[in-house]
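Take a look at the structure below.
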Amino acid sequence: MNELKPSEIVQELDKYIIGQNAAKRSVAIALRNRWRRQQVDEELRDEIAPKNIILIGPTGVGKTEIARRLSKLTDSPFTKVEASKFTEVGYVGRDVESMIRDLVELTVTLLKSREQENVQEKAGKLAEERLLDLLLPKTTKQATAPPLRPGEDSLLSPELLPPPEEESSSTREKLREMLHKGKLDNRFVDLDVADKSMPMVEVFSNVGMEEMGINFKDMLGGLMPKNSKKKKIKVPEALDMLTQEEAQSLVDMDRVVKTAIEKVEQSGIVFLDEIDKIAGKEGGHGPDVSREGVQRDLLPIVEGSTVSTKYGPVRTDHILFIASGAFHMVKPADLIPELQGRFPIRVELSSLGKDEFVRILTEPKNALLLQYIALLRTEGVNLVFEDSSVAEIAHIAEDVNTNTENIGARRLHTLMEKLLEDILFDASDMTEKDVVITSDHVKDKLKDIKDDEDLSRYIL
Ligand SMILES: Nc1ncnc2c1ncn2[C@@H]1O[C@H](COP(=O)(O)OP(=O)(O)OP(=O)(O)O)[C@@H](O)[C@H]1O
Ligand SMILES: [Mg+2]
């Protein structure tokens, strides 16, 4: 997937996002440049720094949506964070370095689960053996018997004399066959299940300790005696659990971590949403947490520095940062100059009008109309929108956006909810299963509200 050409990336984004071509093009270029850099000779490769981007545009025009879709297109480590969540180092809250730690954590988890999938078959086999061990009554301690696992008692009862070797192995094969045929699906086995509930530890986790990148729970998990309970579990479930366990232990975590860090360093992408919320020189809302402070903390990370994580140090030199913000009250020029300089590419997203709204309602793969149609179909209701009704909705959305607050495509959500509220409520009891939304219907339902500016401020 990583080898998508810019035009293909734009094409993929087009499936979900209407318009905003400039923004799509620049993220496509940035993404492709990651791949291009990988192809360059090593010596020069290190010199090529990513060109960070700021997406600028009013609220609800697709900034975050572009990021969300982009993340699905790329195999690069990707994380999206809200700049407004950060506080200066030394204050309670998340410091900016945590985004790099998140990125590493995410990547490790992802790679680990991929690895686990790769070893699934082998794990399945091992799990099967373990399950057979559990199913066969323990009758013997001699060498031919399956090895005892810690915690397993050898229930040596006098009436069960050790069977001859061949008999035990043929029983085992019979049992295996029954297992494969699903004949044991209703039987239970005793399994040691790790007790995951550690509520007390949860309270402390990730507060304060985060700067060190230490996961308190992991630490304690190692110190405390493994909390495991014997539980009766159905065979198929037990097999699943054992497979998981085996898969986990088959994965070479050292390698996973190494690959993850390399991937993050070489092709990681951080999407910094709401960056305008930390622009501006005056103090922020919180007590004494200055936005400028957060910007200063961001500088070294964007510029390239080493962040220590629980998996080891991570260099940020080649991580791509895509920032985004509405920049209503402030301008990119209100960011501290050093930070501005580190985001050389600026792209503006345009505000949306009625033509775009018609397309947003109908064209994307996840279009709003399709969503409602699918929802109501579950009740057996056939919802149909006449073209004229879609045009009317778009028209009203534009009007309300102009007359009250411009919230972009989000307006469509509020309008649609209002428009369909009766049908959504009644659908379960309706006998007439075909519902056609006409433009008159739309006008009926929305026009009065729309024309009354005060009312629409509250309702739409
Ligand atoms: N150009 C577009 N094409 C399709 N859908 C869009 C478009 N713009 C916005 N939307 C839809 O509108 C909603 C809000 O968009 P999004 O979250 O991207 O806003 P934003 O630009 O990040 O705004 P904010 O500055 O408030 O964060 C999403 O559900 C998204 O699907
Ligand atoms: Mg957003």
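The values are calculated or read from the model by the stated rules, or taken from the named source; none is laboratory data. What you see is a predicted model, and the numbers here were worked out from it, not measured in a lab. In this analysis, Cβ positions are derived from the backbone assuming ideal geometry, glycine residues included, and neighbour counts consider all displayed protein chains.
In this structure, does ASP102 turn out to be away from ligand 2 (no atom under 16 Å from the Cβ), farther than 21 Å from ARG32 by Cβ and not in a strand (DSSP E or B)?
yes
List, please: which pairs have Cβ atoms under 8 Å, are six or more places apart or on different chains, and start with a residue in segment 319-333 that is closer than 30 Å to GLN266 by Cβ and outside the structural domain of ALA28 (by TED's automatic domain parsing) and end with one that is near ligand 1 (Cβ under 9 Å from one of its atoms) and at pLDDT 90 or above?
Within 8 Å, no pair qualifies.
Is there any pair with a first residue in segment 411-423 that is on the phi < 0 side of the Ramachandran plot and not assigned by TED's automatic domain parsing to the domain that holds PRO58 and a second that is of a type in the set (Gly, Ala, Ser) and surrounded by fewer than 17 Cβ atoms within 10 Å (Cβ to Cβ) whose Cβ atoms are under 6 Å apart and which are 6 or more apart or on different chains, and what are they?
Nothing qualifies.
If you go through segment 47-62 one residue at a time, do you hit one that is within 13 Å of ligand 2 (Cβ to nearest atom) and charged (D, E, K, R)?
No - not one qualifying residue is present in segment 47-62.
Each row is one residue, and each column tells you yes or no for (1) outside the structural domain of GLU405 (by TED's automatic domain parsing); (2) touching a strand residue (DSSP E or B) at 6+ places or on another chain (Cβ under 6 Å); (3) closer than 15 Å to SER267 by Cβ; (4) not in a helix (DSSP H, G or I).
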position: ARG25; (1), (2), (3), (4): yes, no, no, no
position: ARG32; (1), (2), (3), (4): yes, no, yes, no
position: THR59; (1), (2), (3), (4): yes, no, no, yes
position: GLU65; (1), (2), (3), (4): yes, no, no, no
position: ARG68; (1), (2), (3), (4): yes, no, no, no
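Identify the residue in segment 300-321 that is part of a strand (DSSP E or B) and β-branched (Val, Ile, Thr) and, among all such residues, is surrounded by the fewest Cβ atoms within 10 Å (Cβ to Cβ). It would help to see each step written out before you state the result.
Going residue by residue through segment 300-321, those that are part of a strand (DSSP E or B) are 306-309, 312-315, 320-321.
If we keep only those that are β-branched (Val, Ile, Thr) as well, we get 306-307, 309, 314.
Working: THR306: 16, VAL307: 21, THR309: 24, VAL314: 23.
Within segment 300-321, the match that is surrounded by the fewest Cβ atoms within 10 Å (Cβ to Cβ) is THR306.
Considering only segment 251-274, state which residues are of a type outside the set (D, E, K, R) and over 17 Å from LEU110 (Cβ atoms). Explain how you work it out, then say what you get.
Residues of segment 251-274 of a type outside the set (D, E, K, R): 251, 253, 256-257, 259-261, 264, 266-272.
LEU272 - this is the single residue of segment 251-274 that is of a type outside the set (D, E, K, R) and over 17 Å from LEU110 (Cβ atoms).
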